[in-house]
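Novice: Would you mind keeping the following structure in view while I ask a few things?
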Amino acid sequence: MAHFIQKISVLFFTFALVQGAAQLQQPFSHKLHLKQGAGCETCHTSAAKSTKASDNLLPFETECVNCHHEIHIKEPRKTSVHQFNHELHVQANPGPLIAAAIKSKTWLGTAKELPKNLRTANACVSCHHDIEESDAITEAIGKAHYPRMADCLTCHNQINPPESCKTCHDPATNFRPESHTAAFVDGHARKGAIADKAECHSCHGRNFTCKGCH
């Protein structure tokens, strides 16, 4: 009998662990939480007053446990941005300017980077595109909801890489994208080497010349 009870206890404990792990690993849905009536600032309570890029703006677990029994929030992912002021951008709300740039086709992003919907009344979603329709957050999905360089360059339009990049990005960052290998550096001047120059615009602007880098 004691052996039977021990087996039942082990099975119950294992089941509890599996259930707990499954609960912790459930994808986070911004869409669901926003439909419940929570605004961005309800969970990201520090964002509207944040003046440093190093600030942790993820929700506090103490807020989540009002509805969820168990929750574990990871540290925010590291980025190359070393200077950013959320407070200033929330007050200024660049959304209408980004929308105007997209409409006039002066926005420097590519077609695949275009937001599906741009609701300019909310400064948060003006830059964190399509977050309202997000049902999960992974590393790749998370990046998709981060501001595009084209958004930043709508207002910060003095483009002189790499010097202008250092205004917001860590100077120790390798600003070159993955495509800029040694072979690219040697061969990009050949005719037809760059299939789509629109990919270059978000770093170099539309009117870039050889002298801009060399």
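Novice: What residue, among those in region 32-79 that are closer than 22 Å to residue 93 by Cβ and of a type in the set (Lys, Arg), is nearest to the chain's Cα centre (by Cα)?
Specialist: 52
Novice: Is it the case that region 175-191 has a residue that's assigned to a loop (DSSP other than H, G, I, E, B), hydrophobic (A, V, I, L, M, F, W, C), touching a strand residue (DSSP E or B) at 6+ places or on another chain (Cβ under 8 Å) and at pLDDT below 80?
Specialist: Looking only at region 175-191, we keep the residues that are assigned to a loop (DSSP other than H, G, I, E, B), and these are 175-181, 188-191.
Filter once more, so that each one left must be hydrophobic (A, V, I, L, M, F, W, C): 175, 189.
Okay, now just the ones that are also touching a strand residue (DSSP E or B) at 6+ places or on another chain (Cβ under 8 Å), so 175.
Subsequent filtering for residues that are at pLDDT below 80 retains 175.
Looking through region 175-191, at least one residue is assigned to a loop (DSSP other than H, G, I, E, B), hydrophobic (A, V, I, L, M, F, W, C), touching a strand residue (DSSP E or B) at 6+ places or on another chain (Cβ under 8 Å) and at pLDDT below 80.
Novice: Which residue pairs have Cβ atoms closer than 7 Å, lie 6 or more positions apart in sequence or on different chains, and pair a first residue in region 79-99 that is over 17 Å from residue 49 (Cα atoms) and of a type outside the set (A, V, I, L, M, F, W, C) with a second residue that is modelled with pLDDT under 95 and assigned to a helix (DSSP H, G or I)?
Specialist: Sorted first by the residue in region 79-99, then by its partner, the pairs are 95/123; 95/126.
Novice: Considering each of 112, 143 in turn, give the residue that is under 12 Å from the mean Cα position of the chain (by Cα) and surrounded by fewer than 13 Cβ atoms within 10 Å (Cβ to Cβ). If you could, list the steps in order and put the result at the bottom.
Specialist: Details: 112 fails: under 12 Å from the mean Cα position of the chain (by Cα).
Exactly one residue qualifies, and that residue is 143.
Novice: Only one of these is within 30 Å of residue 123 (Cβ to Cβ) and modelled with pLDDT under 75: 27, 76, 59. Name it. Steps first, please.
Specialist: On the way: 76 fails: modelled with pLDDT under 75; 59 fails: modelled with pLDDT under 75.
Just a single option satisfies the conditions, and that option is 27.
Novice: Can residue 31 be described as touching a residue at least 24 places away in the same chain (Cβ under 8 Å), part of a helix (DSSP H, G or I) and basic (Lys, Arg)? Before the answer, list the steps.
Specialist: Numbers: touching a residue at least 24 places away in the same chain (Cβ under 8 Å): yes; part of a helix (DSSP H, G or I): yes; basic (Lys, Arg): yes.
Yes, satisfied.
Novice: Here's something else I'd like to know. State which residue is farthest from residue 153 (Cα to Cα) when the search covers only region 73-110 and only residues that are among the small types (Gly, Ala, Ser) and not in a loop (DSSP other than H, G, I, E, B). Show your work before the answer.
Specialist: Start the filter on region 73-110 by keeping residues that are among the small types (Gly, Ala, Ser), which leaves 80, 92, 95, 99-101, 104, 109.
Filter once more, keeping what is not in a loop (DSSP other than H, G, I, E, B): 92, 95, 99-101.
Values: 92: 15, 95: 13, 99: 13, 100: 13, 101: 10 Å.
Once the filter is applied, the top-ranked residue is 92.
Novice: Would you mention how many residues in region 68-109 are β-branched (Val, Ile, Thr) and loosely packed, with under 10 Cβ neighbours inside 10 Å?
Specialist: So the answer is 0.
The values are calculated or read from the model by the stated rules, or taken from the named source; none is laboratory data. All of these numbers come straight from a predicted model, not from anything done at the bench. Using ideal geometry, Cβ is built from the backbone for each residue, glycine included, and neighbour counts are taken over all protein chains shown.
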